[in-house]
Amino acid sequence: MFQGLARLGGMTAYVTLEHVSKSYGDREVLAGVSLVISAGERVALMGPSGSGKSTLLNCLGGIDRFDRGVIRIGDVDLGSASGEALTRLRRKQIATVFQFFHLLPTLSVLENAAFPLLLNGIPEKEALAKGREWMERTGLTHRMTAYPDQLSGGEMQRCAIARALAAGPKLLLADEPTGNLDSSTGDKILDLLETLTREQGITLVMVTHSETATRICDRTVHMLDGKVVEPVTA
Ligand SMILES: Nc1ncnc2c1ncn2[C@@H]1O[C@H](COP(=O)(O)OP(=O)(O)OP(=O)(O)O)[C@@H](O)[C@H]1O
Ligand SMILES: [Mg+2]
């Protein structure tokens, strides 16, 4: 019962990984990852290309299956939860933003943001009203009737963030959210991610190659060859 809410030094654990492993064929890409993330914490995930960062994020998001170990998010045990419980978790509690935005090209900016709410069964009018609130929060009100191919990279990521957060998730997974943006646009996106996750009490796990991006995080976790490692110090 509520194992994921175990108290840890006064903090509430929201995401727990215990000895998580995953292989592709005979190649182990996650090799026993253990990690505890508190509710509302912002964690940066760094490491060389191929070290397993995206795989780990995809396992947390319920997109990839893992072979061994335990992942708990809140009170849901991902390894033993039913398909229905996993779908509910993915739709209601977890949201993801990616390096290449993944917006739906045939929907306007506002419709993109409101779309997950429709999937959650919220009536269209209400979904669009909520979407508009998120246009404001992400600074996109003046662009909400545009289509993704008419947007700048920064605007596309703002739209992806609005879409991710409109449904009120508790966990935001971000895979190199500034990886395709110039540094000043990326900086503004980082500020936005920090403000919104702080305001809404959202737990953030952000994969990044940029040391400067870690400034919005409480802690950095380093990965190497599928494992969490101590950072290499000079
Ligand atoms: N579907 C797949 N089939 C086979 N191997 C895969 C698959 N997806 C990922 N891998 C392998 O798993 C390893 C970890 O990949 P992952 O994408 O998690 O790395 P990453 O740390 O996110 O790297 P990057 O910084 O380049 O994005 C890599 O060696 C990759 O080639
Ligand atoms: Mg990756």
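Readers should treat all values here as calculations from the given coordinates under stated rules, not as data from a laboratory. Computed from a predicted structure; not experimentally measured. When we count neighbours, we look across all protein chains shown, and the Cβ atoms used for this are built from the backbone with ideal geometry, even at glycine.
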Could you give each residue of segment 97-105 its phi-based ³J(HN,Hα) in whole Hz, using Karplus coefficients 6.51, -1.76, 1.60 with θ = phi - 60°, and x for Gly or Pro? 10, 10, 4, 9, 6, 6, 7, 8, x
Quick one: putting +1 on the C-beta of Lys and Arg, -1 on the C-beta of Asp and Glu, what dipole do you get for the chain around its Cα centre, in Debye to the nearest 20? 460 debye
Applying 1/(1 + (r/R0)^6) with R0 = 45 Å to the Cβ-Cβ distance of Ser183 and Asp75, what FRET efficiency is obtained, to the nearest 0.05? 0.70
Which parts of segment 45-82 would a label at Ser21 reach, counting a residue when its backbone N lies under 20 Å from a point 7 Å out along Cα-to-Cβ? 51-60, 64-72, 78-80
Amide H of Thr220 versus every other amide H placed in the peptide plane: which residues, excluding those fewer than 5 positions away on the same chain, fall under 5 Å? Ala44
Taking 128-135, 87-94 and ranking on average Cβ neighbours within 10 Å, highest first, one gets 128-135, 87-94
Whole Å is fine, so just give me how far the alpha carbon centre of segment 121-184 lies from that of segment 200-230. 22 Å
How long, wide and thick is segment 128-234, going by the Cα atoms along their three principal axes, in whole angstroms, largest first? 49, 28, 21
Karplus-derived 3J(HN,Hα) from phi for segment 201-210 (6.51 cos²θ - 1.76 cosθ + 1.60, θ = phi - 60°), whole Hz, x at Gly and Pro, runs x, 8, 7, 10, 10, 10, 7, 8, 9, 9
Distant alpha-carbon pairs in the chain (separation over 31 angstrom), percent: 21 percent
Enumerate the amide H contacts of Ala174 below 5 Å, restricted to partners 5 or more residues apart or on another chain; note that Pro and chain-start residues carry no placed amide H. Val97, Val205, Met206, Val207
Within segment 28-52, the residues whose backbone N lies under 19 Å from a label point placed 7 Å from the Cα of Glu230 along the Cα-to-Cβ direction are 33-36, 46-48
Packing-based order for 189-200, 143-154, 109-120, using average beta carbon neighbours within 10 Å, highest first: 109-120, 189-200, 143-154
Extension length gain for Asp67 and Tyr147 (0.36 nm per residue less Cα distance), in nm, is 24.8 nm
In whole Hz, the Karplus estimates of ³J(HN,Hα) for segment 221-231 (6.51, -1.76, 1.60; θ = phi - 60°; x where Gly or Pro) are 10, 9, 10, 8, 6, x, 10, 7, 10, 6, x
Coarse-grained scattering of segment 105-186 at q = 0.19, 0.27 Å⁻¹, given as base-10 log I(q)/I(0) from a Debye sum over alpha-carbon atoms: -0.79, -1.35
Just rank Met46, Met206, fewest to most, by other beta-carbon atoms within 10 angstrom. Met46, Met206
Amide H neighbours of Val33 at under 5 Å, excluding residues fewer than 5 places away on the same chain, with H built from the backbone geometry, are His19, Val20, Ser21
